[in-house]
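As structure tokens, the structure follows; a few thoughts come after it.
The values are calculated or read from the model by the stated rules, or taken from the named source; none is laboratory data. What you are looking at is a predicted structure, and each value in this text was computed from that prediction instead of being measured. Glycine gets a Cβ as well: all are built from the backbone with ideal geometry, and neighbour counts include every protein chain shown.
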Amino acid sequence: MHRPAAFLLVILFMTGCTSHRLDEDEIVYMAVGASDAVGIGATPITNGYVFRIEDALEEEVKNVHLLNIGIPGADLDAIAKAAKTTLRLGAHPDLVTIWVGANDVIDGVDPDDFEADLDDLLDRLENNDTFIVIADLPDLTQLPRFREEPRETVTLRRIDAFNKVIHDQAEEHDAALVRLSEEAVEERYVSDTDGFHPNDRGHRRLAELLLAKIEPEIASGGGSRRVVACAAC
């Protein structure tokens, strides 16, 4: 499959259906996030976790339509605006994966502001009857970048505050939660180039953890729920 290597990739798939099952016929998969969503750190970027998930879905489903909204360096505020614009333009995703918050922690965003943006985004996805998978944050302080050059905004206290928001919002909006906070931060998963983004092995591991939540939903038929994917870093 040919995939454009764009930093901001938004492919709109219009459909008039109000709901459909996660079955063997068709899935609209929406990936929303920052640089990780577009595959930064992977070589080539089409080895990124979003594309790995797309490939895995294509082994189970006849037609997979990817909506990849990736904005490198963006906080959730910008990411959520792009996602909501996509929904307003008529996209009806079945599956959404969300991994956001790392840039917000680094940039000093207030956790309360992050929570308001995440709550609003999840509300809109729920209105589309979407099946949502959301991941929390690993211990960013253990990444090579921040071990070598600590940042006053990147602390365990702030990471825990953002993860509490993600956990609370996942529960409130009935989203499947992937606890990256319980995964050890190992250098074998981190890019040698910047000490921050996942490398090929890291993207593979992230895809595996997200697919562990997605694949049972497909196997069960998914009811009438929809799925979308969001990622940020």
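Some points to look at:
- A161, sole failed condition from (1) in contact (Cβ under 8 Å) with a residue 40 or more places away in the chain; (2) crowded, with 19+ Cβ neighbours inside 10 Å; (3) aliphatic (A, V, I, L, M): (2)
- Odd one out for R3 among (1) at pLDDT below 85; (2) assigned to a helix (DSSP H, G or I): (2)
- Scope the stretch 69-91; condition at pLDDT below 95 and buried (at least 24 other Cβ atoms within 10 Å of the Cβ); matching residues: I69, G70
- Residues that are under 24 Å from D55 (Cβ atoms) and of a type in the set (D, E, K, R) occur in the stretch 80-95; there is at least one.
- Selection of the stretch 67-95 for residues being acidic (D, E), out of contact with any Lys or Arg (no Cβ under 8 Å at 6 or more places or on another chain) and part of a loop (DSSP other than H, G, I, E, B) yields only D75.
- Which listed residue, of I106, I98, is within 29 Å of E26 (Cβ to Cβ) and either at pLDDT 95 or above or in a loop (DSSP other than H, G, I, E, B) (or both): I98
- Taken over the stretch 152-182, the criterion of being outside any helix (DSSP H, G or I), within 17 Å of the chain's Cα centre (by Cα) and either among the β-branched types (V, I, T) or within 21 Å of A34 (Cα to Cα) (or both) is satisfied by A175, A176, L177, V178, R179.
- Some residue of the stretch 194-203 being under 16 Å from G33 (Cβ atoms) and modelled with pLDDT under 95: no
- Per the conditions (1) at positive phi; (2) touching a residue at least 40 places away in the same chain (Cβ under 8 Å), the sole criterion not satisfied by G73 is (2).
- Failed item, numbered, when C230 is tested on (1) over 30 Å from D25 (Cβ atoms); (2) at pLDDT below 95: (1)
- Looking at A31, A56, just one residue is out of contact with any Pro (no Cβ under 7 Å at 6 or more places or on another chain) and under 24 Å from H167 (Cα atoms), and that residue is A31.
- Per the conditions (1) closer than 27 Å to D94 by Cα; (2) in contact (Cβ under 8 Å) with a residue 12 or more places away in the chain, the sole criterion not satisfied by E171 is (2).
- Cβ-Cβ distances below 6 Å connect the following pairs, each with a first residue in the stretch 44-64 that is assigned to a helix (DSSP H, G or I), a second residue that is surrounded by fewer than 20 Cβ atoms within 10 Å (Cβ to Cβ) and among the acidic types (D, E), and a separation of six or more residues or different chains: N47/D200.
- Selection count, the stretch 112-151, where residues are of a type in the set (D, E, K, R), part of a loop (DSSP other than H, G, I, E, B) and farther than 21 Å from V28 by Cα: 4
- Positions within the stretch 92-122 being over 17 Å from the mean Cα position of the chain (by Cα) and either small (G, A, S) or surrounded by 24 or more Cβ atoms within 10 Å (Cβ to Cβ) (or both), in sequence order: G108, A116
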